[in-house]
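What follows is calculated from the coordinates using simple rules that are stated; it is not laboratory data. All figures in this text were calculated on a predicted structure; none of them were measured in a lab. Note: ideal-geometry Cβ built from the backbone for every residue, glycine included; neighbour counts use all protein chains shown.
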Amino acid sequence: MKLAKAYLFLYNTAAAIGWSLVLGNLIWGVYADDAWSAVEWSLKISQTAAVLEILHCLLGLVRASVFSTILQVSSRIYILWVVADPFHDAVGQFLAFKTMVLAWSLTEIPRYAYFAIGQVQKPPKWMTWLR
């Protein structure tokens, strides 16, 4: 396995695990009625780590468009760090915040798992469909 493939396998695996942690924390946070506190650090780490995807594009490690990657990553970083974090006491109580984190988690877990598996073998058809 080439170094780039090994790195991308580890990055995508770590991201899938991170987003799985976000999802688990969200479920616990909704149950405990404190979603923000439950997801804060796992969400900040998982979402901020996506900045590396811009670097992946710039270095040619992936075929994704630099422009579209910058738009996707920067919009989520903005929502997390500029909108949600400063107002976390209020934002964490909103159903919209919980739904957003749920949508991000349910999107990112299969996406990162797909890309991780894709570094070592062809992903199964069901995974391609899910992605």
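Miscellaneous remarks
- Here segment 65-121 was treated as a single set of alpha-carbon atoms; its pair distances binned every 5 Å from 0 give 4, 15, 18, 23, 18, 12, 6, 3, 1 percent.
- Taking the helices alone, the chain has a mean residue ellipticity at 222 nm of -24500 deg cm²/dmol, built from -39,500 (n - 2.57) per DSSP H run of at least 4 residues and averaged over all its residues.
- In nm, spacing of pseudo-spin labels at residue 106 and residue 52 (7 Å Cα→C-beta vector): 2.7 nm
- For the chain, the Cα gyration tensor yields ellipsoid semi-axes of 28, 17, 12 Å (square root of five times each eigenvalue, largest first, whole Å).
- Degrees between helix 66-78 axis and first principal axis of the chain (Cα, 0 to 90, nearest 10): 20 degrees
- Potential lengthening between residue 90 and residue 2 on full extension [0.36 nm per residue; Cα-Cα distance subtracted]: 27.0 nm
- Dipole in debye (nearest 20) - segment 1-72, about Cα centre, beta carbon charges: Lys, Arg +1; Asp, Glu -1: 500 debye
- Distance histogram for segment 27-90 (every C-alpha pair counted, 10 angstrom bins, percent rounded to whole numbers): 21, 40, 25, 13, 1
- Whole-Hz Karplus values for segment 110-123 come out as x, 5, 5, 4, 4, 5, 5, 4, x, 7, 10, 6, 6, x Hz, taken residue by residue from phi with 6.51 cos²θ - 1.76 cosθ + 1.60 and θ = phi - 60°; glycine and proline positions read x.
- Across all C-alpha atoms in segment 1-47, the radius of gyration and Dmax reach 13.6, 46 Å.
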